[in-house]
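One structure is given here, and the rest of the page talks about it.
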Amino acid sequence: MKLYFKTYCNTHNLKQVRDFVREGLVQNGIADPDIYMMVLAVDEICSNLIIHSNNCDDEKQIDLVLQFIGDKLNITIRDYGISFKYEDHIDNTLEKLVEEKRKGGLGLLLVKKIMDEVRYETSSGHNCWVLCKTLKPVG
Amino acid sequence: MEVYQSKENDFVTLTIDGELDASSCIVLDESIQQVVSENEKRILIDCKQLSYISSAGLGVFMSYLQDFSKNDIRMVLFNLNPQVKEVFRILGLDNLIKIVGTKEDAKALVNEVVF
């Protein structure tokens, strides 16, 4: 099963993104604590794309797909803004962020802790995040 | 998301109501800046009505840690729901930020000789 959602690059749209992911996971029988964390992971990626890749330009689009394959969930988040320098953030640690008094940088740490697999791909004209998780059904 | 401020004796309480995300975190940041500019040294954060937090909200708390430590400003969070608390825990922020169960615990902690 695939569920699709389209939004635009305004942080006020994050609540709609969270509602879409939450409803999709509830419909597919996912347990509550996992729902909260996966909603958070998607929120983190979309927040970064809206703010950093697309400079909060609400004419710019983000496409989100939830794909359920057996007990696996693949979440694909695609945008058409500035590419993210994944290598600049891969070695971030909590200590480093505290030291530098940075308000940002925690999001990717969270996503990597929540999801089983995080991939980032960029090619001409678009960037794509793929988040994967093996799901635990309710009960 | 709203932040309400109340003052009691020698401490101030900020009550967060709603979802704290990249859109709303500026409201919390401004509220903390406001109480710091009023020379408050004991800040309690009531999270009972905080239903959701993303890293943008965590980042606001984290960005004050060093300055608060240097200036002996004490901040304690209390009344977190289990899922919000888990977000702090999985990053290890519960080791850096003071988090307790109740307001009474929070009041006791900010008044301890060694914080």
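Figures for the structure shown
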| item | result |
| --- | --- |
| Anisotropy class of segment A:1-104 from Cα gyration tensor, a/c 1.5 cut | oblate |
| Cα-centre dipole for segment A:19-139 with unit charges at Cβ (Lys and Arg positive, Asp and Glu negative), debye to 20 | 200 |
| Chain B: Cα Rg divided by the 2.2 N^0.38 Å rule of thumb | 0.96 |
| Rounded to whole Å, sorted largest first: equivalent-ellipsoid semi-axes of segment B:60-115, Cα gyration tensor | 19, 16, 8 |
| Dmax and Rg, reported as Rg then Dmax, of segment B:3-46 (C-alpha, Å) | 10.5, 33 |
| Percent of beta bridges antiparallel (DSSP, the protein assembly as shown, rounded to nearest 5) | 70 |
| In nm, spacing of pseudo-spin labels at A:GLU23 and A:TYR86 (7 Å Cα→C-beta vector) | 3.1 |
| ³J(HN,Hα) computed for each position of segment B:101-115 - Karplus, 6.51 cos²θ - 1.76 cosθ + 1.60, integer Hz, glycine/proline x | x, 10, 5, 4, 4, 5, 5, 5, 5, 5, 9, 5, 5, 9, 7 |
| Alpha carbon centroid spacing (whole Å) that separates segment A:1-42 from segment B:20-69 | 25 |
| For q = 0.23 Å⁻¹, Debye-computed log10 I/I(0) when each Cα of segment B:34-83 counts as one equal scatterer | -0.97 |
| Subset of A:LYS113/B:LYS103; A:LYS6/A:LYS113; A:LYS6/B:LYS85; A:LYS136/B:LYS103 violating a 32 Å alpha-carbon distance limit | A:LYS136/B:LYS103 |
| Distance (nanometres) between label positions extended 7 Å along Cα→Cβ at B:GLN49 and A:HIS12 | 2.1 |
| Listed residue (A:HIS12, A:ASN28, A:LEU108) projecting farthest to the positive dipole end of chain A, Cβ model | A:ASN28 |
| Scattering curve values for the protein assembly as shown, log₁₀ I(q)/I(0), Debye with Cα scatterers, q = 0.07, 0.09, 0.10 Å⁻¹ | -0.25, -0.42, -0.51 |
| Sequence ranges A:107-114, B:99-106, ranked by mean other-Cβ count within 10 angstrom, highest first | A:107-114, B:99-106 |
| Long-range HN-HN contacts of B:ARG42 with modeled amide H, under 5 Å | B:VAL12, B:ARG74 |
| Equivalent-ellipsoid semi-axes of segment A:59-139, from the Cα gyration tensor, Å, largest first | 24, 20, 10 |
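Every number in this text was worked out from the coordinates using simple rules, so none of it is lab data. Just so it is clear, the model here is predicted, and its values are computed rather than measured. Cβ coordinates were reconstructed from backbone atoms using ideal geometry, including for glycine residues, and neighbour counts include every protein chain displayed.
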